[in-house]
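Shown next, in structure tokens, is the structure this report addresses.
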Amino acid sequence: MKVKVEDFGFDEGACMNYVRYRVSGLDDELMEKLIERLEEDTEIDDGDLMVTVFYQKEYFPFGSEEAKVRMDDFIAREEIEMTVFLSSLLED
């Protein structure tokens, strides 16, 4: 399983910040298991699972001044954290 931050920003419709992840390398069974267990918005795009997580402003991982200076580090950390989170859902 490989997780990449695909996009992030502010969603006007939801009035919340979001991070959109592309999860690749899953077989159909694992993808269906994640879709069933995730509370976040999910969809399938070109055989990859897209997961969108919405955040209140104070919890948005890319909202700090430090994130703006070290964005690559913050993106890498988000990808690692989401990989661990999704792996834990698959272990249950």
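The values are calculated or read from the model by the stated rules, or taken from the named source; none is laboratory data. No experiment lies behind these values; they were computed from the predicted model shown. Neighbour counts are summed over all protein chains in view; Cβ atoms, including those assigned to glycine, are modelled from backbone coordinates with ideal geometry. The area values use the complete protein model at the heavy-atom level, side chains included, leaving out ligands, DNA and RNA. Shrake-Rupley method; radii C 1.70, N 1.55, O 1.52, S 1.80 Å.
Figures for the structure shown
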{"quantity": "Residue list for segment 53-65, restricted to those being open to solvent by less than 100 Å² (accessible area, probe 1.4 Å) and more than 17 Å from the chain's Cα centre (by Cα)", "calculated": "SER64"}
{"quantity": "Residue in segment 66-76 that is within 14 Å of the chain's Cα centre (by Cα) and of a type in the set (A, V, I, L, M) present", "calculated": "yes"}
{"quantity": "Extreme residue, most open to solvent (accessible area, probe 1.4 Å), among residues of segment 3-52 that are within 17 Å of ILE80 (Cα to Cα) and touching a residue at least 60 places away in the same chain (Cβ under 8 Å)", "calculated": "LYS4"}
{"quantity": "Within segment 12-26, tally of residues that are at pLDDT below 95 and of a type in the set (D, E, K, R)", "calculated": "1"}
{"quantity": "The listed residue being under 25 Å from CYS15 (Cα atoms) and at pLDDT below 95, out of GLU65, GLU79, GLU91", "calculated": "GLU65"}
